[in-house]
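Down below is the structure, laid out as structure tokens.
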Amino acid sequence: MNKAQLILALDVDNFEEARKLIDDVGDVVDIFKIGSQMFTSYGPFITRYLQSQGKKVFLDLKFHDIPNTVASAVKSAVGLSVSPNHASGFAPLFMLTVHTAGGKEMMEAAVKSAQTQAKALGVSRPLIVGVTVLTSTARDVNLEKTVLERASLAKESGLDGVVASVEELAVIRRELGNKFLIVTPGIRPAGASQDDQKRAATPAAAIAGGSNFLVVGRPIIQASSPRAAAVQILEDIKSR
Ligand code: C5P
């Protein structure tokens, strides 16, 4: 399996803060996750800002609705792959999330819509990953079973992978194989604050468990040097 990659969750209050952070870490971080906080305020403006710098955008809007509405939302998301002014070096949308709780028909509709729209626009299709159970949800007896059921359904529906906590990594890898992508948020370097994450794990544990993408937000954003914090995690990844 290829080395895991770092994704920085761009969960900040405004565009100016985002720009500063991107400038600070831009030479070491390639993939940025845009979630509901930034997208609600800045929409395509923030994604295009990153794409115009050749950065990969992970659009984490966790689509969860009736199949037709999710298919339409995915179609709009794939539209973000096209530069409005045909700028060279503009990166297509890299990855997006849907919620596995939306069911098989919804996930299949998402994949089909992405394929159709990517073909129509002549761009590569973004990876589609399914959120299983949020890492801020506390452990309970049925959690692992629920995560595995949802991950299996995501695979059957044609998704490229899932978002899951490091605690469920091993079982998903074992059951769903090496090609299925696993994106792990809730990453906390040893000694860092857990914040609201209830199933957090260190970068080392995520890498050892076979994560493909480590999503990190506050441990980098709130560090006195975000770049140094990102470099530390990248070194952890490299050394495994
Ligand atoms: O700041 P922190 O590192 O906890 O950020 C984690 C990011 O990953 C947040 O943007 C959050 O929305 C996202 N996420 C998560 N758990 C999931 C899916 C996404 O924490 N299951």
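The values are calculated or read from the model by the stated rules, or taken from the named source; none is laboratory data. Given the structure is predicted, the values throughout are model-derived calculations rather than measurements. Note that we place each Cβ from the backbone using ideal geometry, even for glycine, and neighbour counts take in every protein chain shown. Side chains are part of the model used for accessible areas, which takes the heavy atoms of the whole protein and leaves out ligands, DNA and RNA. Shrake-Rupley method; radii C 1.70, N 1.55, O 1.52, S 1.80 Å.
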If we ask which residues in the stretch 177-198 are more than 9 Å from the ligand (Cβ to nearest atom), within 18 Å of VAL131 (Cβ to Cβ) and not hydrophobic (A, V, I, L, M, F, W, C), their number turns out to be 1
Just wondering, is there one or more residues in the stretch 145-153 that are under 18 Å from ASP60 (Cα atoms), open to solvent by less than 30 Å² (accessible area, probe 1.4 Å) and either within 15 Å of the ligand (Cβ to nearest atom) or over 15 Å from the mean Cα position of the chain (by Cα) (or both)?
yes
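Among the listed residues ARG240, ARG174, ARG218, ARG227, which satisfies the condition of being near the ligand (Cβ under 10 Å from one of its atoms) and open to solvent by 30 Å² or more (accessible area, probe 1.4 Å)? It would help to see each step written out before you state the result.
Numbers: ARG240 fails: near the ligand (Cβ under 10 Å from one of its atoms); ARG174 fails: near the ligand (Cβ under 10 Å from one of its atoms); ARG227 fails: near the ligand (Cβ under 10 Å from one of its atoms).
The conditions single out ARG218.
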Exercise for the section: Return yes when ASN85 is over 17 Å from the mean Cα position of the chain (by Cα) and more than 25 Å from ALA223 (Cβ to Cβ) and no when it is not. Expected result: yes
Result of the Cβ filter at 6 Å on the stretch 184-203, keeping first residues that are charged (D, E, K, R) and partners that are more than 9 Å from the ligand (Cβ to nearest atom), at least 6 apart or interchain, is LYS198/ALA138; ARG199/GLU167
Picking from GLU175, GLU144, GLU105, GLU167, the residue that is of a type outside the set (A, V, I, L, M, F, W, C) and under 18 Å from ALA71 (Cα atoms) would be GLU105
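Every residue in the stretch 99-129 that is assigned to a helix (DSSP H, G or I), away from the ligand (no atom under 12 Å from the Cβ) and under 15 Å from VAL163 (Cα atoms), please.
Within the stretch 99-129, the first condition is being assigned to a helix (DSSP H, G or I), and the residues that meet it are 100-102, 104-121.
Next, only the ones that are away from the ligand (no atom under 12 Å from the Cβ) stay: 102, 104-121.
Result: GLY102, MET107.
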Residues of the stretch 14-72 being charged (D, E, K, R) and either part of a loop (DSSP other than H, G, I, E, B) or buried (at least 16 other Cβ atoms within 10 Å of the Cβ) (or both), in sequence order, are ASP24, ASP27, ASP30, LYS33, ARG48, LYS55, LYS56, ASP60, LYS62, ASP65
Per the list (1) without any contact (Cβ under 8 Å) to a residue 40 or more places away in the chain; (2) more than 8 Å from the ligand (Cβ to nearest atom); (3) closer than 24 Å to PHE94 by Cβ; (4) not small (Gly, Ala, Ser), residue check on PHE213 breaks on (1)
**Message:** LEU6 - would you say it is part of a strand (DSSP E or B) and surrounded by fewer than 18 Cβ atoms within 10 Å (Cβ to Cβ)?
**Reply:** no
Of the residues in the stretch 190-208 that are farther than 10 Å from VAL166 by Cβ and charged (D, E, K, R), the one that is most open to solvent (accessible area, probe 1.4 Å) is LYS198
